[in-house]
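This report refers to the structure that appears directly beneath it.
The values are calculated or read from the model by the stated rules, or taken from the named source; none is laboratory data. Source: prediction; values computed, not measured. Cβ placement follows ideal geometry from the backbone for every residue including glycine, while neighbour counts extend to all protein chains displayed.
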């Protein structure tokens, strides 16, 4: 079970073949839900559910799906799983599901899910596909959490809603510190992710042609 | 006149202030992958304008007459005003989009083979572009009417077109610059997008 191959399927996407920074998949939602850490956490959880589920189901069906209609079959599987998670979020975490607004629905068109189904699950066994889904979803979640932590810390001075920057440092209360409002806006997300990609590629030595 | 200026201001707002790509991050995957060449980015941008302009109003009608709360009242069957099929929204919208893309592809192949050739692989790829599904979902969330939905769909597409062509031209110029090794490709594209997005922020507050 815990062979080296299985381990590398799960651990590879965490750094070396990370879906966001290396494979360039699923960037839309990675940027949109990272204003705060708690939305990023919920989004990562939702993606883990959908990606493991879709990879497993597509892999189980891989010998039955005619290759000409495979895209629409995969989309149907993914859309069904997304509906399930969307209804669950609405039932149990209503506030956060309001903040995520349309981005839970957009997991359907998240390139990671379709990309992994097409590139991995159609060719590999169910167990390996499930592990691949888990690894890629966690790699995605890792980047999401890093970007969200940076944006929430510098943009609001807090993490998970808890204030980190002490009150007396703030400009209004005798200090000099001001939150960087740009971090909460769209450009902040682009720039943080750009810098993160730079860091990751310098460390792993990955080069684009 | 009143109505015209309303639609115009909706269009300006959607293209510049609430740009689907630079403010809501939709369609980033194809945005980054296809912006290496100016010609291909124009092709993809046009395809998005085209497909988005069609699918958003079509999805509006589907939502209004089939899926929303009490939408099936027009059938006249008793009890239909209780029926709420909105949980099916995602799966029906994505199916509509896939079908419309296929339809647009066949029509284009018949009517204008040159345009069809130039769009090439991008047309089918649009079916999984977040920008298209995202516009349809925004349309539902913001409760537009049919005309507003049509204007919104087309101008969201135009916003995407502008953003992708801007980035493609900048990346073309970038070929001659000395970018640090780890930043080449995706990294510098992200930073550039951040700068473009910052420039678009200056449009906020404009009202027609």
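Laid out as a table, the results:
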quantity	calculated
Those residues of segment B:167-189 which are within 23 Å of residue B:39 (Cβ to Cβ) and either touching a strand residue (DSSP E or B) at 6+ places or on another chain (Cβ under 9 Å) or crowded, with 19+ Cβ neighbours inside 10 Å (or both), in sequence order	B:167, B:168, B:171, B:185, B:186, B:188, B:189
Hey, residue B:94 over 27 Å from residue B:175 (Cα atoms) and at pLDDT 85 or above or not	yes
Residue check, residue A:109 within 25 Å of residue A:86 (Cα to Cα) and within 14 Å of chain B (Cβ to nearest Cβ)	yes
Checklist (1) modelled with pLDDT of 80 or more; (2) out of contact with any helix residue (DSSP H, G or I) (no Cβ under 6 Å at 6 or more places or on another chain) applied to residue A:68, failing item	(1)
All positions within segment A:168-205 that are assigned to a helix (DSSP H, G or I), within 14 Å of chain B (Cβ to nearest Cβ) and surrounded by fewer than 16 Cβ atoms within 10 Å (Cβ to Cβ)	A:181, A:199, A:202, A:203, A:204
Conditions (1) more than 14 Å from every other protein chain (Cβ to nearest Cβ); (2) surrounded by fewer than 19 Cβ atoms within 10 Å (Cβ to Cβ); (3) in contact (Cβ under 8 Å) with a residue 12 or more places away in the chain; (4) in a helix (DSSP H, G or I); number of the one not met by residue A:9	(2)
Residue A:196 vs. criteria within 21 Å of the chain's Cα centre (by Cα) and at pLDDT 85 or above	yes
Failed condition for residue A:116, given (1) surrounded by fewer than 18 Cβ atoms within 10 Å (Cβ to Cβ); (2) in a helix (DSSP H, G or I)	(1)
Residue in segment A:35-49 that is surrounded by 24 or more Cβ atoms within 10 Å (Cβ to Cβ) and modelled with pLDDT under 80 present	no
Cβ pairs under 6 Å, 6+ apart, first in segment B:23-35 and at the interface with another protein chain (Cβ under 7 Å from one of its Cβ atoms) and part of a loop (DSSP other than H, G, I, E, B), second modelled with pLDDT under 80 and surrounded by 24 or more Cβ atoms within 10 Å (Cβ to Cβ)	B:25/A:28; B:26/A:28; B:27/B:129
Boolean, residue B:134 is surrounded by 15 or more Cβ atoms within 10 Å (Cβ to Cβ) and within 20 Å of residue A:101 (Cβ to Cβ)	yes
Residues of segment B:36-83 that turn out to be in a loop (DSSP other than H, G, I, E, B) and on the phi < 0 side of the Ramachandran plot, as a count	7
Answer from B:44, B:103, B:66 - the residue that is more than 13 Å from every other protein chain (Cβ to nearest Cβ), under 24 Å from residue A:72 (Cα atoms) and in contact (Cβ under 8 Å) with a residue 60 or more places away in the chain	B:44
Residue check for residue A:80: within 14 Å of chain B (Cβ to nearest Cβ) and modelled with pLDDT of 80 or more	yes
Wholly within segment A:22-106, helices (runs of 4 or more DSSP H) carrying at least 3 residues that are under 27 Å from residue B:21 (Cβ atoms) and free of Cβ contacts under 8 Å to residues at least 40 places away in the same chain	A:70-92
Meets criteria (farther than 21 Å from residue B:29 by Cα, surrounded by fewer than 19 Cβ atoms within 10 Å (Cβ to Cβ), more than 13 Å from every other protein chain (Cβ to nearest Cβ) and free of Cβ contacts under 8 Å to residues at least 12 places away in the same chain) for residue A:164	yes
Residue that is modelled with pLDDT of 85 or more, within 11 Å of chain A (Cβ to nearest Cβ), more than 24 Å from residue A:205 (Cα to Cα) and touching a helix residue (DSSP H, G or I) at 6+ places or on another chain (Cβ under 9 Å), where the choices are B:196, B:188	B:196
